[in-house]
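Q: I have a structure I would like to understand better, so I am pasting it below and will then ask my questions one at a time.
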Amino acid sequence: MHIPDGYLSPATCMVFGAVMIPIWAAASRAVNNTLSARQVPYLAIGAAFSFVIMMFNVPIPGGSSGHAVGGVLVAILLGPWAACIAVTVALVIQALLFGDGGITAIGANCFNMAFVLPFVGYYVYKFISSGSPSGSRRRIIAAGAGAYAGICAAALFAGIEFGLQPLLYHTANGQALYCPYGLNVAVPAMLLGHLVFIGWVEVIVTALAVKYLQKQGAVFFEGGRS
Amino acid sequence: MSNPLHKKHDFIERSILSALAFLKDATLSEEYANRKGFLQSLDPRFKTISFLAFLVTAVSLKSAILISPLYVLCLILALLSRIPLRNFLLRTLFFIPLFSLFIVLPTLFSVVTPGEPLWSFHISGINAIITRPGLDGAVLFVLRVATSVSLVVLLSVTTRHSELLKVLRLFGVPQLFVLTVSMCYRYLYLFATMVENIFTAVKSRVGVVSHQRHGQNVVAWNIANTWNRTTQMSEEVYMAMLSRGYTGEPRLLSKFNATPKDWLWLLSAVVICAFLLYKGYSL
């Protein structure tokens with residue numbers, strides 16, 4: 001899911017960077033309204049938590065294992081705007097310090113994983129769990145469905161971003177200058193892996209974590225102060 | 001001799017190894033940043049601006065011939081900065097560029113990229129033709145990705161992470177965000193150790209083999225447990241910040257000092273980028 005440098009054209013990177021600026025501004029305002037001065041330690045530790053979720057290998061059928069992104073779980077716990085900032089912070093650290101995900105592609109990566117993923121996931125969760133008590137089984141199902149929808153929506157956007165490159169940026173003889181596969185290849189390739197494999201890792205992690213948090217009496221984000 | 005069944009179900013071991021690899025990687029990076037080399041001697045602000053200029057140039061160029069000097073520059077800078085070339089090549093070529101090479105392979109052939117045939121051969125009775133546009137496109141793509149990854153790795157391993165994060169202020173990133181990033185980085189180390197301890201405790205109780213379903217429950221329980229500890233910790237950290245006079249307006253200390261060497265380096269970087277971009281434009 002992390003797009004490296006060199007896969008997207010500079011123009012695409014600039015467009016997504018420009019799209020993310022008002023989103024980050026709105027996220028800062030929303031978080032400031034709910035958390036005020038507490039936001040720095042809360043978001044820093046939330047971001048570290050979302051980073052750490054990626055370190056857990058989840059065993060899946062066949063003896064293999066994979067790791068989750070955890071963006072929807074963070075959105076269920078902190079709210080989608082705070083999750084947007086927390087995942088952005090995690091992505092900036094990954095790109096700048098560990099070379100995971102491109103620096104020029106940071107806008108696109110944040111759009112997919114810090115905006116599309118937590119927002120789609122959170123609103124699917126909210127729609128399914130609407131009106132249910134915080135300890136209900138419906139919340140677990142809603143968390144799993146939200147996680148699946150969020151990661152697949154993010155993969156769809158990443159596929160579209162890859163697929164647009166050869167259409168928009170090529171030489172006179174048709175040679176692709178950036179990601180070489182069009183929408184007909186990039187979108188199914190990105191979606192298939194997430195629909196069949198990665199999406200289920202996300203479902204397992206999010207649903208089971210919500211189940212355990214319910215048992216421990218954790219308070220989930222309900223739209224106001226978390 | 002290791003039991004394949006153990007290997008198959010050993011998700012705990014794999015998680016611990018990932019955590020340790022992550023920790024070691026971070027530590028190793030700081031190790032290079034503390035060495036006395038050329039890039040380490042530069043002001044982090046000038047170094048970051050110059051590397052971003054190189055990165056934007058590498059991503060903007062549309063010719064492998066023009067990108068290759070930037071890749072050679074990376075290798076020279078790695079040597080001048082006392083980074084063992086073998087380690088640098090392993091770190092920069094092994095994962096992302098190798099993966100890029102793998103995904104770009106089908107574009108070499110005429111089925112995906114039609115054009116002037118360069119080389120043809122038979123695989124299981126099928127005539128495979130590698131075309132010139134296919135080869136040119138693949139070389140350009142992989143070289144650009146390898147150069148970009150090399151530039152980012154060089155910047156991150158030769159700069160102390162705390163300084164690199166402070167440089168974000170240069171680009172108009174709000175102070176609050178920079179402080180959040182810096183704090184997050186410090187907690188990563190603590191959390192990674194916490195995860196490692198949790199898994200060591202689990203391993204000491206359940207052994208190596210664990211059923212897949214049980215394994216999933218262990219992971220989910222640990223994530224939930226980590227969350228509970230993080231919320232507790234955020235309250236404690238906030239109280240500690242208040243007790244030290246935090247008012248909601250963060251202040252970052254920066255002690256960057258630019259020397260003529262830094263200005264000369266920046267000027268050289270700008271000249272190199274401008275020259276390559278001009279050449280790329282006139283091609």
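The values are calculated or read from the model by the stated rules, or taken from the named source; none is laboratory data. What you see is a predicted model, and the numbers here were worked out from it, not measured in a lab. We place every Cβ from the backbone using ideal geometry, glycine too, and count neighbours over all the protein chains shown.
Q: Kindly indicate which of A:35, A:91 is modelled with pLDDT under 75 and either under 20 Å from residue A:161 (Cα atoms) or in contact with a Phe, Trp or Tyr (Cβ under 6 Å, 6 or more places away or on another chain) (or both). Give the derivation first.
A: Working: A:91 fails: modelled with pLDDT under 75.
Just one listed residue meets the conditions, A:35.
Q: Related question: So which of B:233, B:239, B:183 is at pLDDT 75 or above, surrounded by fewer than 15 Cβ atoms within 10 Å (Cβ to Cβ) and within 24 Å of residue A:74 (Cα to Cα)?
A: The match here is B:239.
Q: Give the residue that is nearest to the other protein chains (Cβ to nearest Cβ), with candidates limited to residues of region B:85-140 that are modelled with pLDDT under 80 and within 30 Å of residue B:31 (Cβ to Cβ).
A: B:96
Q: Among the residues of region B:61-109, which ones are of a type in the set (S, T, N, Q), crowded, with 18+ Cβ neighbours inside 10 Å and more than 19 Å from residue B:134 (Cβ to Cβ)?
A: If the condition is that a residue be of a type in the set (S, T, N, Q), crowded, with 18+ Cβ neighbours inside 10 Å and more than 19 Å from residue B:134 (Cβ to Cβ), then B:81, B:92 are the ones that fit.
Q: Let me ask something else about it. Could we say that residue B:158 is more than 10 Å from chain A (Cβ to nearest Cβ), crowded, with 21+ Cβ neighbours inside 10 Å and not charged (D, E, K, R) here?
A: Values: more than 10 Å from chain A (Cβ to nearest Cβ): yes; crowded, with 21+ Cβ neighbours inside 10 Å: yes; not charged (D, E, K, R): yes.
Against the criterion (more than 10 Å from chain A (Cβ to nearest Cβ), crowded, with 21+ Cβ neighbours inside 10 Å and not charged (D, E, K, R)), residue B:158 qualifies.
Q: Of the numbered conditions (1) of a type outside the set (Ser, Thr, Tyr); (2) more than 10 Å from every other protein chain (Cβ to nearest Cβ); (3) on the phi > 0 side of the Ramachandran plot, residue A:157 satisfies every one except a single condition; which is it?
A: Here residue A:157 clears every test but (3).
Q: Is one or more of the residues making up region A:163-186 closer than 15 Å to residue A:2 by Cα and more than 16 Å from the chain's Cα centre (by Cα)?
A: yes
Q: Now a separate question. Quick one: in region A:50-88, of everything that is of a type in the set (S, T, N, Q) and assigned to a strand (DSSP E or B), which residue is modelled with the lowest pLDDT?
A: In this case the residue turns out to be A:65.
Q: If we keep just the residues of region B:242-264 that are exposed (fewer than 10 other Cβ atoms within 10 Å of the Cβ), under 30 Å from the mean Cα position of the chain (by Cα) and at pLDDT below 70, which is farthest from the other protein chains (Cβ to nearest Cβ)?
A: B:255
Q: Further, regarding this structure: For region B:182-201: of the residues being of a type in the set (S, T, N, Q) and more than 19 Å from residue A:97 (Cβ to Cβ), which is nearest to the other protein chains (Cβ to nearest Cβ)?
A: Filtering region B:182-201 for residues that are of a type in the set (S, T, N, Q) and more than 19 Å from residue A:97 (Cβ to Cβ), the one nearest to the other protein chains (Cβ to nearest Cβ) comes out as B:197.
Q: Being closer than 30 Å to residue B:155 by Cα, among the small types (Gly, Ala, Ser) and surrounded by 22 or more Cβ atoms within 10 Å (Cβ to Cβ), is that true of even one residue in region A:137-154?
A: Taking region A:137-154 and keeping what is closer than 30 Å to residue B:155 by Cα, we get A:154.
Restricting the remaining residues to those that are among the small types (Gly, Ala, Ser) gives A:154.
Applying the additional criterion that residues be surrounded by 22 or more Cβ atoms within 10 Å (Cβ to Cβ) yields A:154.
Scanning region A:137-154, I find at least one residue that is closer than 30 Å to residue B:155 by Cα, among the small types (Gly, Ala, Ser) and surrounded by 22 or more Cβ atoms within 10 Å (Cβ to Cβ), so the answer is yes.
Q: Can you find even one residue in region A:190-197 that is free of Cβ contacts under 8 Å to residues at least 40 places away in the same chain, within 24 Å of residue A:119 (Cα to Cα) and touching a Gly at 6+ places or on another chain (Cβ under 8 Å)?
A: yes
Q: The conditions are (1) surrounded by fewer than 20 Cβ atoms within 10 Å (Cβ to Cβ); (2) touching a residue at least 60 places away in the same chain (Cβ under 8 Å); (3) more than 10 Å from chain B (Cβ to nearest Cβ), and residue A:202 fails exactly one of them. Which is it?
A: (1)
Every residue, every condition in (1) closer than 24 Å to residue A:47 by Cβ; (2) in contact with a Phe, Trp or Tyr (Cβ under 6 Å, 6 or more places away or on another chain), yes or no:
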| position | (1), (2) |
| --- | --- |
| A:96 | yes, no |
| A:107 | yes, yes |
| A:114 | yes, no |
| A:124 | yes, no |
| A:128 | no, no |
| A:135 | no, no |
| A:162 | no, no |
| A:172 | no, no |
